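Undergrad: Quick one: this structure, given as structure tokens, is what I'll be asking you about.
Nothing in this text is a laboratory measurement; each read-out follows from the coordinates by a stated rule. Being a predicted model, the structure only gives us computed values, none of them experimental. Virtual Cβ from ideal backbone geometry, glycine too; neighbours counted across all protein chains shown.
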Amino acid sequence: MSKFKIKFVDFFKLIFPSTGIELIVFLFFLVGYGYLGSYIAIHHKIIFDARIPWDAYFSFDNKSIVMTGGSFERHPLSYYFFNWIRELALLFSDGKMDGNFRFALAWLSNLAVSLSVLQVFKYLKNIIGLPLVFTIPLILFFGSFSTTILLSFTPENFTYTLLLLTLFHHYAAIKLKKEEKIPVLALALSGITIGGLTVTNIVKVFIPVAFEKGLFRSWKKFANAAFRVIFTCICFILLYLNRIDFKYENIFSKTNEQYEKFSNVNATPTWDMILSYFFGGNILFSNFIVRDKHNMQGYHYKGILMDVYSSWIPYIFIVVILGMVFWSYFKNFRNNLVQVLMISFIVDIIIHCIMRFGLHTSFIYGGHFVFVYPLLLGWLFYSYKQSPKILSFLTACFCILFVYLIANNYIRMTEFFWFLKAYY
């Protein structure tokens, strides 16, 4: 078998199910999310309505993203990606933006999220080496997050970012575990696709490179890593500039405009936005509020948003899960794979919690980091595999969290369907 053919086969084995249990996991979520998305697409118009460019539900910009890929300063290359998504959906709907069009968009999102869940499952099973008795509950826990539920039928940048980031972290973990470097073309492709959908995420592509074996002990290895990073940056910058006809001054003016717009919201205390929106809203649905919206062209419609938590129980839930995540980090501090995950998470914490960019709607950014939770919990369980008492304590805590998550998110989704039936 030729070297190219081997790499091609390995690539497909990386993305798609390669064992029986992986196929079962993938099909379970594909069918579950597929039923949810199909029902919403067929019976309601909220997934795509040409009159509603943004904010129909939870600040997602469905119509705007599908038609344009989003603003170039934040999503520089997504224009090209969503051209393909839109044309594929139009092919399915015979050129009409109707129920079939919404159905196709929902199933493309479903496929992306189901593959993302599969990547997390593969990481837990193959990289960490967790037994199925822990892996299955963790993957069901992750699959029940508010972010994965919403993105499973939402045509958005975050939907496909979730797939690309989970895929890259799994791939990078394989390379680090084998003590191999990430090839220059693989790094460049990752940087272009991940950074192209959301520009700040390109930083995460370079994090695993810093943990390659012997990088800072050999000038040759360091120079090789520097070349791969610089090559990736040059490719990305040239494609970015080509997208805006090399009018680079627009990047700074638009970026500053967006930062001012999304960083100066003070209606809610910062600590509450951090807990309820950034750390909490991506996992556990909070209260919903319905507001009047308009598309600036005379069409008025209703939008649904998340509010801060109104009970002390969700705050306890978030504090406990964060405690377990940071417990995992400090317990596995010397593990390079754990460092990669946490540093990637810290990038988003800096952007949204410290710089406050989009903090008031940070529940929609979950596709950038929410997969870190099940992976770090997986490392926590693994680190105590020889300590039955602590493992039993962790398992009991996790089971309580899991039951509450399922109950809360099920109730909130019934409220969401009430909103759909009332207005869409």
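Undergrad: Arranged from highest to lowest average of other beta-carbon atoms within 10 Å per residue, in what order do the peptides 364-376, 225-237, 164-176, 38-50 appear? Walk me through the numbers before you get to the answer.
TA: Details: 364-376: 25.5, 225-237: 16.4, 164-176: 22.1, 38-50: 18.5.
The most tightly packed comes first, giving 364-376, 164-176, 38-50, 225-237.
Undergrad: Name the residue from 89, 233, 288 whose Cα lies farthest towards the positive end of the charge dipole of the chain, charges +1 on Cβ of Lys and Arg and -1 on Cβ of Asp and Glu.
TA: It is 233.
Undergrad: Would you mind telling me the antiparallel percentage of the DSSP bridges in segment 18-423, rounded to 5? Numbers along the way, then the final one.
TA: Details: 7 of 8 bridges.
The antiparallel proportion sits near 90 percent.
Undergrad: Quick one: net charge around residue 424, please, counting Lys, Arg +1 and Asp, Glu -1 for every other residue with C-beta under 12 Å from its C-beta.
TA: Working: positive: 45, 51, 102, 302, 421; negative: 49.
Value of the local net charge: +4.
Undergrad: Enumerate the helices in the chain for which the Kyte-Doolittle hydropathy averages 1.0 or more and the C-alpha atoms extend at least 15 Å along the helix's axis, using complete DSSP H runs. Don't jump to the answer; show the numbers that get you there.
TA: Details: long enough: 3-15 (18 Å, 0.70); 20-43 (34 Å, 1.62); 78-92 (21 Å, 0.69); 99-122 (34 Å, 0.95); 132-143 (16 Å, 2.53); 157-177 (29 Å, 0.67); 184-197 (20 Å, 2.09); 219-243 (36 Å, 0.96); 249-263 (21 Å, -1.49); 312-331 (28 Å, 1.68); 336-348 (19 Å, 1.74); 372-383 (16 Å, 1.32); 388-423 (52 Å, 1.08).
Once both thresholds are applied, what remains is 20-43, 132-143, 184-197, 312-331, 336-348, 372-383, 388-423.
Undergrad: If you don't mind, another one. Hey, can you rank 209-215, 76-82 by average C-beta count inside 10 Å, highest first? Working shown, then result.
TA: Values: 209-215: 15.9, 76-82: 20.4.
Going by the mean number of other Cβ atoms within 10 Å, highest first, we get 76-82, 209-215.
Undergrad: Additional query: Select one label from (i) 80, 55, 40; (ii) 63, 56, 46; (iii) 72, 50, 34: the one whose number is Cα extents along the principal axes in Å as derived from the coordinates shown.
TA: Given (i) 80, 55, 40; (ii) 63, 56, 46; (iii) 72, 50, 34, the structure-derived one carries the label (ii).
Undergrad: Now, a different point. Do any GluC sites (Glu not before Pro) in segment 110-205 lie in a DSSP loop with no more than 15 other beta carbon atoms within 10 Å, and if so, which?
TA: On the way: sites: 156, 179, 180; in loops: 156, 179, 180.
Those satisfying the criteria are 179, 180.
Undergrad: Which residue fluctuates most in the GNM of the chain (Cα springs below 10 Å): 407, 104, 89?
TA: It is 407.
Undergrad: Moving to a separate point now. Applying 1/(1 + (r/R0)^6) with R0 = 30 Å to the Cβ-Cβ distance of residue 28 and residue 272, what FRET efficiency is obtained, to the nearest 0.05? Walk me through the numbers before you get to the answer.
TA: Values: r = 36 Å, r/R0 = 1.19.
According to the calculation, E is roughly 0.25.
Undergrad: Once the Cβ-Cβ distance between residue 421 and residue 178 is put in as r, and R0 is 41 Å, what FRET efficiency do you end up with, to the nearest 0.05? Mind dumping the intermediate values first?
TA: Details: r = 52 Å, r/R0 = 1.26.
Approximately 0.20, to the nearest 0.05.
Undergrad: Using alpha-carbon pairs under 8 Å, 6+ residues apart, how would you state the relative contact order of the chain in percent?
TA: Working: 561 pairs, mean separation 84.8, N = 424.
Taking the mean separation of contacting Cα pairs over the length of the chain, I get 20 percent.
Undergrad: Sticking with this structure for a sec: Report the charge-dipole magnitude of the chain in Debye, nearest 20, computed about the Cα centre from +1 at each Lys and Arg Cβ and -1 at each Asp and Glu Cβ. Numbers along the way, then the final one.
TA: Details: 37 positive and 22 negative charges, 274 e Å.
Taking the Cα centre of the chain as origin, the dipole is about 1320 debye.
Undergrad: Need one word for segment 328-424: rounded, prolate or oblate. Basis is the Cα gyration tensor (sqrt eigenvalues a ≥ b ≥ c); a/c below 1.5 gives rounded, then a/b vs b/c decides.
TA: oblate
Undergrad: Within 10 Å of each residue's Cβ, count the other Cβ atoms and sort 159, 414 from fewest upward. Could the numbers behind the result be given before it?
TA: Values: 159 28, 414 9.
Taking fewest neighbouring Cβ atoms as first place, the list is 414, 159.
Undergrad: Moving on. Among 402, 222, 12, which one shows the biggest mean-square fluctuation in a GNM of the chain, springs joining Cα atoms closer than 10 Å?
TA: Looking only at 402, 222, 12, the biggest GNM fluctuation is shown by 12.
Undergrad: Residue separation times 0.36 nm, minus the C-alpha to C-alpha distance between residue 312 and residue 35: what's the value?
TA: Numbers: separation 277, 0.36 × 277 = 99.72 nm, distance 3.31 nm.
Full-extension gain reported as 96.4 nm.
Undergrad: Rounded to the nearest 0.05, what FRET efficiency do residue 300 and residue 354 have when you use their Cβ-Cβ distance and R0 = 45 Å?
TA: Working: r = 36 Å, r/R0 = 0.81.
Calculated transfer efficiency: 0.80.
Undergrad: Take 144, 286 and order them by how many other Cβ atoms sit within 10 Å, fewest up front. Intermediate results must be reported in sequence, preceding the final value.
TA: Numbers: 144 17, 286 22.
Fewest to most other Cβ atoms nearby, the residues stand as 144, 286.
Undergrad: Any idea what the dipole of segment 273-424 comes to, in debye rounded to 20, about its Cα centre with Lys/Arg Cβ at +1 and Asp/Glu Cβ at -1?
TA: Values: 10 positive and 4 negative charges, 42 e Å.
Taking the Cα centre of segment 273-424 as origin, the dipole is about 200 debye.
Undergrad: May I pose another question? In the chain, with Lys and Arg counted as +1 and Asp and Glu as -1 at Cβ, which of these residues, 309, 126, 274, has the Cα nearest the positive end of the dipole, that is, farthest along it?
TA: It is 126, whose Cα lies furthest towards the positive end.
Undergrad: Starting from 0.36 nm per residue, how many nanometres of slack lie between residue 43 and residue 96 once their C-alpha separation is accounted for?
TA: Details: separation 53, 0.36 × 53 = 19.08 nm, distance 1.66 nm.
Gain in length upon complete extension: 17.4 nm.
Undergrad: Something else about it: Can you sort 2, 116 so the residue with the fewest Cβ neighbours within 10 Å comes first?
TA: Working: 2 7, 116 28.
Fewest-to-most ranking of 2, 116: 2, 116.
Undergrad: Choose one answer from 183, 388, 53: the residue with the largest mean-square fluctuation in a GNM of the chain with alpha-carbon springs under 10 Å.
TA: Maximum fluctuation in the GNM of the chain, among the listed residues, is at 388.
Undergrad: With a cap of 14 neighbouring Cβ atoms within 10 Å, and only residues DSSP puts in a loop, list the trypsin sites (Lys or Arg not before Pro) found in segment 46-132. Each step should come with its number before you reach the end.
TA: Details: sites: 51, 63, 74, 86, 96, 102, 122, 125; in loops: 51, 74, 96.
In loop regions of segment 46-132 (DSSP not H, G, I, E or B), the sparsely surrounded trypsin sites (Lys or Arg not before Pro) are 51, 96.
Undergrad: Considering only 176, 392, 15, whose Cα is most displaced toward the positive end of the charge dipole of the chain, charges sitting on Cβ of Lys, Arg (+1) and Asp, Glu (-1)?
TA: 176
Undergrad: In nm, give the distance between the simple-model label positions of residue 400 and residue 334, each being 7 Å from the Cα along the Cα-to-Cβ direction.
TA: Going from the residue 400 label point to the residue 334 one covers 3.2 nm.
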